[in-house]
1. With 5 Å bins from zero, work out the P(r) of the protein assembly as shown over every alpha carbon pair and list the percent per bin.
2. Using the Kirkwood radius over C-alpha pairs as Rh, can you work out the diffusion coefficient of chain B via Stokes-Einstein at 25 °C, viscosity 0.890 mPa s, in µm² per second?
3. Given charges of +1 on the Cβ of Lys and Arg and -1 on the Cβ of Asp and Glu, with all other atoms neutral, how large is the dipole of the protein assembly as shown about its Cα centre, in debye to the nearest 20?
4. Putting +1 on Lys and Arg Cβ atoms and -1 on Asp and Glu Cβ atoms, find which of B:Leu118, B:Thr7, B:Tyr32 reaches farthest to the positive end of the dipole of chain B.
5. Keeping every protein chain in place, order A:Met41, A:Met32, B:Met89 by accessible area at 1.4 Å, biggest value first, i.e. largest first.
6. Classify segment A:35-78: rounded, prolate or oblate, from the alpha-carbon gyration tensor (a ≥ b ≥ c, eigenvalue square roots; a/c under 1.5 rounded; otherwise prolate if a/b is larger than b/c)?
7. Along the charge dipole of chain A, pointing to its positive end and built from +1/-1 on Cβ of Lys, Arg, Asp and Glu, which listed residue (A:Thr15, A:Val60, A:Phe103) has its Cα farthest out?
8. Using the crude model of +1 on Lys and Arg Cβ and -1 on Asp and Glu Cβ, and no other charge, please compute the dipole size for segment B:4-78 relative to its Cα centre, in debye to 20.
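The values are calculated or read from the model by the stated rules, or taken from the named source; none is laboratory data. Computed from a predicted model, the values in this text were never measured in an experiment. Cβ placement follows ideal geometry from the backbone for every residue including glycine, while neighbour counts extend to all protein chains displayed. Side chains included, ligands, DNA and RNA excluded: accessible areas come from the protein's heavy atoms. Shrake-Rupley method; radii C 1.70, N 1.55, O 1.52, S 1.80 Å.
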Amino acid sequence: NAGVTQTPKFRVLKTGQSMTLLCAQDMNHEYMYWYRQDPGMGLRLIHYSVGEGTTAKGEVPDGYNVSRLKKQNFLLGLESAAPSQTSVYFCASAGLLNYNEQFFGPGTRLTVL
Amino acid sequence: AQKITQTQPGMFVQEKEAVTLDCTYDTSDPSYGLFWYKQPSSGEMIFLIYQGSYDQQNATEGRYSLNFQKARKSANLVISASQLGDSAMYFCAMREFGVTGGGNKLTFGTGTQLKVEL
């Protein structure tokens, strides 16, 4: 039981490049989330999903797209990376019944030059 | 207005002493939940404790307790008998059940960096 995993752990991009972050959970959770963490700003919600095939915008969605084609996976895409997207990205998931706890992945540190 | 406010960027406490980390929140939703997470230097987010807005008693989990004062809209985390391993960043978060769109989304505060000293 791996919980929530994120791929990759680190990435360096040049401005304008694209990439996809993968989040996978093996707990059969309905809810999945992408957050970004910046110094002094806590975690901010980018996008989230309440089930397979659904996505919704969070607090800071601009510049990102997401997809949830399979229940266990939640992908975060950056189509044209910008230095402002340098951050640590966390994925989280929560169950439908026991939604009082969000389980977090280990994070992805992304640097955009 | 900030939904979650943590006014202490950094705190120091001596080992074995208790420490209180402050958190105030702002919501008009009568149904909400409050959370505390710990983030050690390794970076992972660790769930500590949860308090529902209708819970009559303060939540406790081992050495962690949540001092919930609903009228003052505060949800302070109390760590008793601090240990060196408690040194970490601590985040307060809130979920508003009545927010349109559901999804059980969390809003986080900016965090408090706790340092436990010998």
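1. Computed distribution, short to long bins: 1, 7, 14, 18, 18, 17, 13, 8, 3, 1, 0.
2. Working: Rh = 14.5 Å.
The Stokes-Einstein estimate is 170 µm²/s.
3. Charge dipole, the protein assembly as shown, about its Cα centre: 400 debye, nearest 20.
4. My answer, from the dipole projection, is B:Tyr32.
5. A:Met41, B:Met89, A:Met32
6. Because a/c hits 1.5 or more and a/b exceeds b/c, segment A:35-78 counts as prolate.
7. A:Thr15
8. Working: 6 positive and 8 negative charges, 26 e Å.
The dipole of segment B:4-78 has a size of about 120 debye.
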